[in-house]
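The values are calculated or read from the model by the stated rules, or taken from the named source; none is laboratory data. Quick caveat, the model's predicted, so the values are computed rather than measured. Because the Cβ atoms are built from the backbone with ideal geometry, glycine has one as well, and the counts that use them run over all protein chains shown. Protein only, heavy atoms only, side chains kept; ligands, DNA and RNA dropped before computing areas. Shrake-Rupley method; radii C 1.70, N 1.55, O 1.52, S 1.80 Å.
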Amino acid sequence: MTQLQSNHRGGRSGAANRGAVLLAMVISALMCISGGAAAADTIAAADSHAVAVAQSHAVAQRPVPFYANNFEKVPSAAAMTAIGRALFFDKSLSLSGKLACAGCHDPAAAFGPPNDLPVQRGGEDGRRPGVRAVPSLMYAQNIPPFTEHFFDNEGDDSIDQGPVGGRTWDGRSQSAHDQARLPLFSPFEMANASEEAVVAKVEHAGYAAQFRDTFGERVFADRALAFKGVLMALETYQQDPAEFYPYSSKYDAWLRHQASLTNEEARGLAAFNDAAKGNCARCHPSTMREGAFPQFTDFGYSGIGAPRNALIPANSDRRYYDLGLCGPLRTDLADKKEYCGLFRTPSLRNVAIRRVLFHNGVFHRLEDVVRFYAERDTSPQKWYSRAADGSTQKFDDLPEKFQTNLDRETPLDRHAGDQPSLSERDIKDIVAFLNTLTDGYRPELSHP
(Lines give C-alpha, C1' and ligand atoms only; values in the text may rest on other atoms or scores of the structure.)
Protein backbone atom coordinates (compact mmCIF):
# COMPACT_ATOMS: atom_id res chain seq x y z
CA MET A 1 0.00 0.00 0.00
CA THR A 2 2.84 2.24 -0.81
CA GLN A 3 3.89 4.00 -3.94
CA LEU A 4 6.93 4.26 -6.12
CA GLN A 5 10.34 5.41 -5.09
CA SER A 6 11.12 8.87 -3.79
CA ASN A 7 12.67 10.20 -6.99
CA HIS A 8 9.16 10.10 -8.45
CA ARG A 9 7.23 11.10 -5.34
CA GLY A 10 7.04 13.83 -2.78
CA GLY A 11 6.65 11.43 0.13
CA ARG A 12 3.62 10.89 2.31
CA SER A 13 2.59 14.54 2.65
CA GLY A 14 3.16 15.13 -1.05
CA ALA A 15 0.82 12.29 -1.90
CA ALA A 16 -1.92 13.68 0.32
CA ASN A 17 -1.55 17.15 -1.16
CA ARG A 18 -1.48 15.76 -4.68
CA GLY A 19 -4.78 13.96 -4.04
CA ALA A 20 -6.42 17.16 -2.79
CA VAL A 21 -5.12 19.29 -5.67
CA LEU A 22 -6.17 16.76 -8.30
CA LEU A 23 -9.60 16.40 -6.68
CA ALA A 24 -10.15 20.15 -6.99
CA MET A 25 -9.00 20.06 -10.63
CA VAL A 26 -11.42 17.26 -11.51
CA ILE A 27 -14.37 18.88 -9.74
CA SER A 28 -13.72 22.05 -11.72
CA ALA A 29 -13.56 20.09 -14.98
CA LEU A 30 -16.80 18.27 -14.20
CA MET A 31 -18.53 21.59 -13.58
CA CYS A 32 -17.52 22.77 -17.04
CA ILE A 33 -18.74 19.59 -18.73
CA SER A 34 -22.03 19.01 -16.95
CA GLY A 35 -23.12 22.40 -15.77
CA GLY A 36 -22.40 21.51 -12.16
CA ALA A 37 -24.58 18.42 -11.68
CA ALA A 38 -21.72 15.94 -11.89
CA ALA A 39 -19.58 18.14 -9.70
CA ALA A 40 -22.24 18.28 -7.03
CA ASP A 41 -22.54 14.50 -7.20
CA THR A 42 -18.77 14.10 -7.01
CA ILE A 43 -18.61 15.88 -3.69
CA ALA A 44 -21.93 14.59 -2.39
CA ALA A 45 -20.15 13.23 0.65
CA ALA A 46 -18.52 16.56 1.49
CA ASP A 47 -19.70 18.76 4.31
CA SER A 48 -22.58 21.17 3.70
CA HIS A 49 -20.39 24.24 3.44
CA ALA A 50 -18.18 22.71 0.77
CA VAL A 51 -21.22 21.55 -1.19
CA ALA A 52 -22.83 24.98 -1.00
CA VAL A 53 -19.68 26.69 -2.26
CA ALA A 54 -19.27 24.23 -5.14
CA GLN A 55 -22.93 24.46 -6.15
CA SER A 56 -22.98 28.24 -6.16
CA HIS A 57 -19.81 28.29 -8.26
CA ALA A 58 -21.35 25.75 -10.67
CA VAL A 59 -24.48 27.86 -11.19
CA ALA A 60 -22.41 30.95 -11.84
CA GLN A 61 -20.13 29.16 -14.31
CA ARG A 62 -22.74 26.97 -16.00
CA PRO A 63 -21.96 26.71 -19.73
CA VAL A 64 -24.01 25.27 -22.57
CA PRO A 65 -23.37 21.50 -22.58
CA PHE A 66 -20.69 20.62 -25.11
CA TYR A 67 -22.97 18.24 -27.01
CA ALA A 68 -25.91 20.65 -27.45
CA ASN A 69 -25.11 21.55 -31.06
CA ASN A 70 -24.37 17.99 -32.13
CA PHE A 71 -27.50 16.01 -31.32
CA GLU A 72 -31.00 16.71 -32.56
CA LYS A 73 -32.04 17.23 -28.95
CA VAL A 74 -30.05 17.90 -25.81
CA PRO A 75 -30.09 14.66 -23.79
CA SER A 76 -30.71 14.88 -20.08
CA ALA A 77 -28.37 13.27 -17.57
CA ALA A 78 -31.23 11.07 -16.33
CA ALA A 79 -32.02 9.81 -19.81
CA MET A 80 -28.37 9.11 -20.60
CA THR A 81 -27.96 7.29 -17.29
CA ALA A 82 -30.88 5.01 -18.15
CA ILE A 83 -29.50 4.29 -21.62
CA GLY A 84 -26.02 3.76 -20.21
CA ARG A 85 -27.36 1.23 -17.71
CA ALA A 86 -29.10 -0.67 -20.53
CA LEU A 87 -25.88 -0.67 -22.58
CA PHE A 88 -23.83 -1.79 -19.60
CA PHE A 89 -25.90 -4.97 -19.16
CA ASP A 90 -26.36 -5.76 -22.87
CA LYS A 91 -24.49 -8.93 -23.91
CA SER A 92 -25.40 -8.40 -27.56
CA LEU A 93 -22.88 -5.53 -27.73
CA SER A 94 -20.07 -8.11 -27.75
CA LEU A 95 -19.04 -9.99 -30.88
CA SER A 96 -19.67 -13.30 -29.13
CA GLY A 97 -23.05 -12.20 -27.80
CA LYS A 98 -21.96 -13.61 -24.44
CA LEU A 99 -20.29 -10.70 -22.66
CA ALA A 100 -21.72 -7.48 -21.27
CA CYS A 101 -19.76 -4.80 -19.42
CA ALA A 102 -21.40 -6.13 -16.27
CA GLY A 103 -19.99 -9.58 -16.98
CA CYS A 104 -16.55 -8.36 -15.91
CA HIS A 105 -17.67 -5.40 -13.79
CA ASP A 106 -20.27 -7.04 -11.57
CA PRO A 107 -22.34 -4.58 -9.49
CA ALA A 108 -22.49 -7.21 -6.73
CA ALA A 109 -18.69 -7.20 -6.61
CA ALA A 110 -18.25 -3.41 -6.45
CA PHE A 111 -18.18 -3.31 -10.26
CA GLY A 112 -15.12 -5.54 -10.25
CA PRO A 113 -14.57 -9.17 -11.31
CA PRO A 114 -17.41 -11.55 -10.40
CA ASN A 115 -15.16 -14.49 -9.49
CA ASP A 116 -11.69 -15.37 -8.24
CA LEU A 117 -10.12 -15.85 -11.67
CA PRO A 118 -7.06 -13.65 -12.26
CA VAL A 119 -8.30 -12.68 -15.73
CA GLN A 120 -11.68 -12.84 -17.46
CA ARG A 121 -12.45 -14.28 -20.88
CA GLY A 122 -14.00 -12.62 -23.91
CA GLY A 123 -13.11 -12.07 -27.55
CA GLU A 124 -14.93 -13.26 -30.65
CA ASP A 125 -15.82 -16.64 -29.14
CA GLY A 126 -16.04 -15.58 -25.49
CA ARG A 127 -13.08 -17.79 -24.55
CA ARG A 128 -10.01 -15.62 -25.12
CA PRO A 129 -8.33 -14.76 -21.78
CA GLY A 130 -7.29 -11.27 -20.82
CA VAL A 131 -3.92 -10.43 -19.33
CA ARG A 132 -4.81 -8.38 -16.22
CA ALA A 133 -7.24 -8.52 -13.34
CA VAL A 134 -10.36 -6.46 -13.92
CA PRO A 135 -10.26 -3.17 -11.98
CA SER A 136 -13.28 -1.80 -10.13
CA LEU A 137 -15.19 1.02 -11.80
CA MET A 138 -16.26 2.48 -8.46
CA TYR A 139 -14.81 5.71 -7.10
CA ALA A 140 -13.18 6.53 -10.43
CA GLN A 141 -15.00 9.86 -10.80
CA ASN A 142 -12.04 11.91 -9.61
CA ILE A 143 -9.27 10.26 -11.62
CA PRO A 144 -7.59 13.03 -13.61
CA PRO A 145 -6.21 12.63 -17.14
CA PHE A 146 -2.81 10.98 -17.32
CA THR A 147 0.24 13.20 -17.08
CA GLU A 148 3.89 12.26 -16.80
CA HIS A 149 4.65 15.33 -14.72
CA PHE A 150 2.77 16.62 -11.70
CA PHE A 151 3.99 19.51 -9.56
CA ASP A 152 2.27 20.01 -6.22
CA ASN A 153 1.21 23.63 -5.74
CA GLU A 154 0.59 23.02 -2.02
CA GLY A 155 4.06 21.66 -1.29
CA ASP A 156 7.47 21.95 -2.92
CA ASP A 157 6.45 22.76 -6.50
CA SER A 158 9.98 22.04 -7.76
CA ILE A 159 9.52 18.28 -7.20
CA ASP A 160 8.11 16.29 -10.10
CA GLN A 161 5.67 13.81 -8.54
CA GLY A 162 4.40 12.33 -11.79
CA PRO A 163 3.27 10.22 -13.45
CA VAL A 164 -0.33 10.36 -12.24
CA GLY A 165 -3.84 9.81 -13.53
CA GLY A 166 -5.51 8.01 -16.39
CA ARG A 167 -7.93 5.08 -16.38
CA THR A 168 -7.04 1.37 -16.41
CA TRP A 169 -4.01 -0.14 -14.68
CA ASP A 170 -1.65 1.68 -17.05
CA GLY A 171 -3.51 4.98 -17.45
CA ARG A 172 -3.77 4.72 -21.23
CA SER A 173 -7.39 5.87 -21.17
CA GLN A 174 -7.62 9.59 -20.45
CA SER A 175 -11.24 9.85 -19.33
CA ALA A 176 -14.40 7.92 -18.53
CA HIS A 177 -15.42 8.60 -22.14
CA ASP A 178 -12.22 6.98 -23.44
CA GLN A 179 -12.46 4.15 -20.94
CA ALA A 180 -15.98 3.29 -22.13
CA ARG A 181 -14.57 2.80 -25.62
CA LEU A 182 -11.73 0.41 -24.77
CA PRO A 183 -13.65 -2.79 -23.93
CA LEU A 184 -15.94 -2.43 -26.94
CA PHE A 185 -12.96 -3.07 -29.26
CA SER A 186 -10.51 -5.00 -27.09
CA PRO A 187 -9.70 -8.35 -28.74
CA PHE A 188 -10.09 -10.17 -25.42
CA GLU A 189 -13.18 -8.32 -24.31
CA MET A 190 -16.11 -7.35 -26.55
CA ALA A 191 -14.04 -7.52 -29.76
CA ASN A 192 -16.16 -5.35 -32.05
CA ALA A 193 -14.52 -4.56 -35.39
CA SER A 194 -15.85 -1.01 -35.78
CA GLU A 195 -18.00 1.77 -34.41
CA GLU A 196 -20.55 0.89 -37.09
CA ALA A 197 -20.83 -2.64 -35.70
CA VAL A 198 -21.60 -1.31 -32.24
CA VAL A 199 -24.16 1.20 -33.51
CA ALA A 200 -25.91 -1.47 -35.60
CA LYS A 201 -26.39 -3.58 -32.48
CA VAL A 202 -27.77 -0.63 -30.52
CA GLU A 203 -30.14 0.22 -33.40
CA HIS A 204 -31.67 -3.25 -33.15
CA ALA A 205 -31.66 -3.51 -29.36
CA GLY A 206 -34.78 -3.44 -27.23
CA TYR A 207 -33.85 0.04 -26.00
CA ALA A 208 -33.36 1.55 -29.50
CA ALA A 209 -36.53 3.62 -29.24
CA GLN A 210 -35.36 4.92 -25.86
CA PHE A 211 -32.00 5.79 -27.46
CA ARG A 212 -33.78 7.78 -30.20
CA ASP A 213 -35.97 9.49 -27.65
CA THR A 214 -32.85 10.51 -25.72
CA PHE A 215 -30.64 11.76 -28.56
CA GLY A 216 -33.13 12.53 -31.35
CA GLU A 217 -35.29 10.55 -33.77
CA ARG A 218 -32.69 10.67 -36.56
CA VAL A 219 -29.65 9.86 -34.39
CA PHE A 220 -28.88 6.60 -36.18
CA ALA A 221 -28.61 8.40 -39.52
CA ASP A 222 -25.23 9.71 -38.41
CA ARG A 223 -23.35 6.61 -37.26
CA ALA A 224 -20.42 8.52 -35.78
CA LEU A 225 -22.79 10.70 -33.77
CA ALA A 226 -24.75 7.67 -32.62
CA PHE A 227 -21.55 6.01 -31.42
CA LYS A 228 -20.69 9.19 -29.54
CA GLY A 229 -24.06 8.86 -27.84
CA VAL A 230 -23.21 5.29 -26.84
CA LEU A 231 -20.00 6.42 -25.16
CA MET A 232 -21.66 9.41 -23.51
CA ALA A 233 -24.42 7.22 -22.10
CA LEU A 234 -21.96 4.68 -20.71
CA GLU A 235 -19.85 7.51 -19.27
CA THR A 236 -22.87 9.20 -17.67
CA TYR A 237 -24.10 5.96 -16.13
CA GLN A 238 -20.67 5.37 -14.60
CA GLN A 239 -20.88 8.80 -12.97
CA ASP A 240 -24.11 7.89 -11.15
CA PRO A 241 -23.29 8.52 -7.48
CA ALA A 242 -25.86 6.09 -6.08
CA GLU A 243 -24.20 3.16 -7.81
CA PHE A 244 -20.58 4.19 -8.35
CA TYR A 245 -19.62 6.44 -5.46
CA PRO A 246 -22.17 6.31 -2.64
CA TYR A 247 -19.69 6.89 0.24
CA SER A 248 -21.76 4.53 2.37
CA SER A 249 -19.08 2.54 4.20
CA LYS A 250 -18.67 2.27 7.95
CA TYR A 251 -15.60 4.47 7.67
CA ASP A 252 -17.67 7.17 5.97
CA ALA A 253 -20.21 6.87 8.77
CA TRP A 254 -17.35 7.22 11.26
CA LEU A 255 -16.16 10.36 9.48
CA ARG A 256 -19.71 11.68 9.76
CA HIS A 257 -19.69 10.85 13.50
CA GLN A 258 -22.45 8.32 12.93
CA ALA A 259 -20.50 5.21 13.95
CA SER A 260 -17.64 4.08 16.16
CA LEU A 261 -14.68 1.98 15.14
CA THR A 262 -13.90 -1.12 17.17
CA ASN A 263 -10.59 -1.24 18.99
CA GLU A 264 -9.22 -3.51 16.27
CA GLU A 265 -10.40 -1.22 13.47
CA ALA A 266 -9.02 1.87 15.23
CA ARG A 267 -5.64 0.20 15.71
CA GLY A 268 -5.74 -0.81 12.05
CA LEU A 269 -6.36 2.77 10.96
CA ALA A 270 -3.46 3.94 13.12
CA ALA A 271 -1.10 1.32 11.64
CA PHE A 272 -2.39 2.14 8.14
CA ASN A 273 -1.46 5.80 8.65
CA ASP A 274 1.76 5.27 10.61
CA ALA A 275 4.78 6.06 8.41
CA ALA A 276 6.87 3.64 10.48
CA LYS A 277 4.41 0.76 10.13
CA GLY A 278 2.05 0.32 7.18
CA ASN A 279 2.73 3.73 5.65
CA CYS A 280 -0.30 2.98 3.49
CA ALA A 281 -1.72 6.51 3.63
CA ARG A 282 1.30 7.81 1.74
CA CYS A 283 -0.39 6.62 -1.43
CA HIS A 284 -3.89 5.77 -0.17
CA PRO A 285 -4.78 8.99 1.75
CA SER A 286 -7.33 8.29 4.45
CA THR A 287 -8.26 11.76 5.69
CA MET A 288 -10.82 14.26 4.48
CA ARG A 289 -9.47 17.18 2.46
CA GLU A 290 -11.40 20.43 2.04
CA GLY A 291 -14.61 18.67 3.12
CA ALA A 292 -14.33 15.85 0.57
CA PHE A 293 -14.21 12.24 1.68
CA PRO A 294 -10.98 10.36 0.90
CA GLN A 295 -10.64 8.37 -2.30
CA PHE A 296 -7.95 6.09 -0.80
CA THR A 297 -5.68 6.68 -3.78
CA ASP A 298 -3.40 9.52 -4.77
CA PHE A 299 -3.86 8.61 -8.47
CA GLY A 300 -0.14 7.84 -8.82
CA TYR A 301 1.84 4.81 -9.98
CA SER A 302 3.64 2.13 -8.03
CA GLY A 303 6.06 -0.71 -8.60
CA ILE A 304 5.63 -3.18 -5.75
CA GLY A 305 7.03 -6.35 -7.33
CA ALA A 306 3.94 -8.55 -7.13
CA PRO A 307 4.78 -12.24 -7.57
CA ARG A 308 4.22 -13.70 -11.03
CA ASN A 309 0.83 -15.37 -11.41
CA ALA A 310 1.20 -18.69 -13.21
CA LEU A 311 -2.59 -18.90 -13.66
CA ILE A 312 -2.57 -16.11 -16.27
CA PRO A 313 -2.29 -17.91 -19.62
CA ALA A 314 -0.01 -15.22 -21.10
CA ASN A 315 2.50 -15.96 -18.33
CA SER A 316 3.09 -19.47 -19.63
CA ASP A 317 5.57 -17.80 -21.96
CA ARG A 318 8.50 -16.92 -19.69
CA ARG A 319 9.54 -14.23 -22.14
CA TYR A 320 6.27 -12.37 -21.53
CA TYR A 321 6.13 -9.64 -18.91
CA ASP A 322 3.37 -7.20 -18.09
CA LEU A 323 5.35 -4.00 -17.58
CA GLY A 324 2.42 -1.68 -16.87
CA LEU A 325 3.12 1.86 -17.97
CA CYS A 326 5.70 0.81 -20.56
CA GLY A 327 3.68 -2.00 -22.13
CA PRO A 328 2.57 -4.21 -23.68
CA LEU A 329 -1.01 -2.82 -23.70
CA ARG A 330 0.23 0.75 -23.51
CA THR A 331 2.65 1.56 -26.33
CA ASP A 332 3.33 5.31 -26.19
CA LEU A 333 5.68 5.03 -23.17
CA ALA A 334 7.59 1.94 -24.27
CA ASP A 335 10.87 3.88 -24.34
CA LYS A 336 10.41 5.18 -20.76
CA LYS A 337 12.29 2.38 -19.02
CA GLU A 338 11.96 4.12 -15.66
CA TYR A 339 8.22 3.38 -15.85
CA CYS A 340 8.51 -0.36 -16.43
CA GLY A 341 6.75 -2.33 -13.72
CA LEU A 342 4.62 0.59 -12.50
CA PHE A 343 0.82 0.33 -12.22
CA ARG A 344 -1.77 2.88 -11.15
CA THR A 345 -2.59 2.87 -7.45
CA PRO A 346 -6.23 1.75 -7.11
CA SER A 347 -8.71 3.03 -4.58
CA LEU A 348 -8.99 0.76 -1.56
CA ARG A 349 -12.70 1.39 -1.22
CA ASN A 350 -14.58 -1.93 -1.31
CA VAL A 351 -11.27 -3.78 -1.53
CA ALA A 352 -12.45 -6.29 1.08
CA ILE A 353 -15.02 -7.77 -1.30
CA ARG A 354 -12.59 -8.19 -4.19
CA ARG A 355 -11.68 -11.81 -4.83
CA VAL A 356 -8.56 -11.03 -6.86
CA LEU A 357 -5.99 -8.48 -5.75
CA PHE A 358 -3.16 -6.62 -7.51
CA HIS A 359 -3.00 -6.05 -11.26
CA ASN A 360 -2.32 -9.75 -11.89
CA GLY A 361 -4.81 -11.17 -9.40
CA VAL A 362 -2.09 -13.14 -7.66
CA PHE A 363 -3.68 -12.82 -4.22
CA HIS A 364 -7.19 -13.61 -3.06
CA ARG A 365 -7.15 -12.54 0.59
CA LEU A 366 -6.50 -9.12 2.05
CA GLU A 367 -4.48 -10.69 4.83
CA ASP A 368 -2.07 -12.11 2.25
CA VAL A 369 -1.71 -8.72 0.56
CA VAL A 370 -0.89 -6.90 3.79
CA ARG A 371 1.49 -9.66 4.87
CA PHE A 372 3.21 -9.51 1.47
CA TYR A 373 3.92 -5.82 1.99
CA ALA A 374 5.37 -6.61 5.40
CA GLU A 375 7.47 -9.58 4.27
CA ARG A 376 8.36 -8.92 0.63
CA ASP A 377 11.93 -8.09 1.59
CA THR A 378 12.29 -9.77 4.96
CA SER A 379 11.08 -13.23 3.83
CA PRO A 380 11.02 -13.25 0.01
CA GLN A 381 11.18 -17.05 -0.07
CA LYS A 382 7.57 -17.11 1.16
CA TRP A 383 6.28 -15.19 -1.83
CA TYR A 384 8.37 -15.81 -4.93
CA SER A 385 9.10 -18.81 -7.13
CA ARG A 386 12.24 -20.93 -7.02
CA ALA A 387 14.94 -21.28 -9.63
CA ALA A 388 16.19 -24.68 -10.77
CA ASP A 389 18.94 -24.55 -8.16
CA GLY A 390 16.41 -23.90 -5.39
CA SER A 391 17.23 -20.22 -4.91
CA THR A 392 14.46 -17.65 -4.54
CA GLN A 393 13.66 -15.70 -7.70
CA LYS A 394 12.75 -12.45 -6.02
CA PHE A 395 10.71 -10.08 -8.20
CA ASP A 396 10.07 -12.96 -10.59
CA ASP A 397 7.56 -10.98 -12.69
CA LEU A 398 9.91 -8.12 -13.59
CA PRO A 399 13.19 -8.28 -15.53
CA GLU A 400 16.17 -7.48 -13.35
CA LYS A 401 17.07 -4.37 -15.35
CA PHE A 402 13.81 -2.74 -14.23
CA GLN A 403 13.88 -3.73 -10.58
CA THR A 404 15.40 -0.40 -9.55
CA ASN A 405 11.96 1.07 -10.35
CA LEU A 406 10.36 -0.75 -7.43
CA ASP A 407 9.15 0.97 -4.29
CA ARG A 408 11.65 0.93 -1.40
CA GLU A 409 9.71 3.01 1.12
CA THR A 410 8.45 1.60 4.43
CA PRO A 411 7.38 -1.19 4.77
CA LEU A 412 9.26 -2.18 1.59
CA ASP A 413 12.62 -0.96 2.87
CA ARG A 414 13.82 -4.06 4.73
CA HIS A 415 16.34 -6.82 4.01
CA ALA A 416 16.21 -10.58 4.32
CA GLY A 417 16.12 -11.58 7.97
CA ASP A 418 15.07 -8.14 9.24
CA GLN A 419 12.10 -7.67 11.52
CA PRO A 420 9.05 -6.63 9.41
CA SER A 421 7.60 -3.21 10.13
CA LEU A 422 4.21 -4.84 10.72
CA SER A 423 3.51 -7.38 13.45
CA GLU A 424 0.93 -10.13 13.11
CA ARG A 425 -1.48 -8.03 15.16
CA ASP A 426 -0.82 -5.01 12.91
CA ILE A 427 -1.67 -7.12 9.86
CA LYS A 428 -4.94 -8.35 11.34
CA ASP A 429 -5.82 -4.85 12.52
CA ILE A 430 -5.19 -3.29 9.11
CA VAL A 431 -7.37 -5.94 7.48
CA ALA A 432 -10.10 -5.15 10.00
CA PHE A 433 -9.83 -1.48 9.10
CA LEU A 434 -9.93 -2.19 5.36
CA ASN A 435 -13.21 -4.02 5.92
CA THR A 436 -14.72 -0.74 7.12
CA LEU A 437 -14.31 0.62 3.57
CA THR A 438 -17.05 -1.62 2.17
CA ASP A 439 -20.16 0.28 1.05
CA GLY A 440 -23.63 -0.56 2.29
CA TYR A 441 -23.10 0.03 6.01
CA ARG A 442 -26.23 1.17 7.81
CA PRO A 443 -25.50 3.03 11.07
CA GLU A 444 -29.07 2.65 12.31
CA LEU A 445 -28.69 -1.15 12.27
CA SER A 446 -25.31 -1.23 14.00
CA HIS A 447 -26.79 -0.73 17.47
CA PRO A 448 -29.76 -2.73 18.80
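A few notes on this one:
- Between the residues L261, F227, L329, the greatest Cα displacement towards the positive end of the dipole of the stretch 185-332, with unit charges on the Cβ of Lys, Arg, Asp and Glu, is found for L261.
- For q = 0.15, 0.19 Å⁻¹, Debye-computed log10 I/I(0) when each Cα of the stretch 304-448 counts as one equal scatterer: -0.87, -1.28
- Ranking of R223, R132 by solvent-accessible surface, largest first: R223, R132 (1.4 Å probe, protein heavy atoms only, all chains present).
- In terms of the mean number of neighbouring beta-carbon atoms within 10 Å, the peptides 431-440, 135-144 order highest first as 135-144, 431-440.
- An oblate overall shape is assigned to the stretch 194-334, the ratio a/c of its alpha-carbon gyration tensor axes (a ≥ b ≥ c) being 1.5 or greater and a/b not exceeding b/c.
- Qualifying lysines (Cα of each under 24 Å from Cα of K401; at least 8 residues distant if same chain): K336, K337, K382
- Distance histogram in 5 Å bins (all Cα pairs of the stretch 194-256, percent per bin): 4, 16, 22, 17, 10, 8, 6, 6, 7, 4, 0
- Per-atom-type breakdown for the stretch 108-227 gives carbon and sulfur 51% of the accessible area (1.4 Å probe, protein chains only).
- Accessible-area composition of the stretch 322-426, carbon plus sulfur, in percent [1.4 Å probe]: 48
- Reachable aspartates and glutamates from K98, criterion Cα separation under 13 angstrom, eight or more residues apart if same chain: D90, E124, D125, E189
- Considering the stretch 377-436, its Cα convex hull presents a mean projected area of 5.4 nm².
- Accessible area in square angstrom per residue, the stretch 237-364, 1.4 angstrom probe: 37
- The alpha-carbon of K91 sits under 29 angstrom from the alpha-carbons of these lysines, leaving out residues fewer than 8 places away in its chain: K73, K201, K228.
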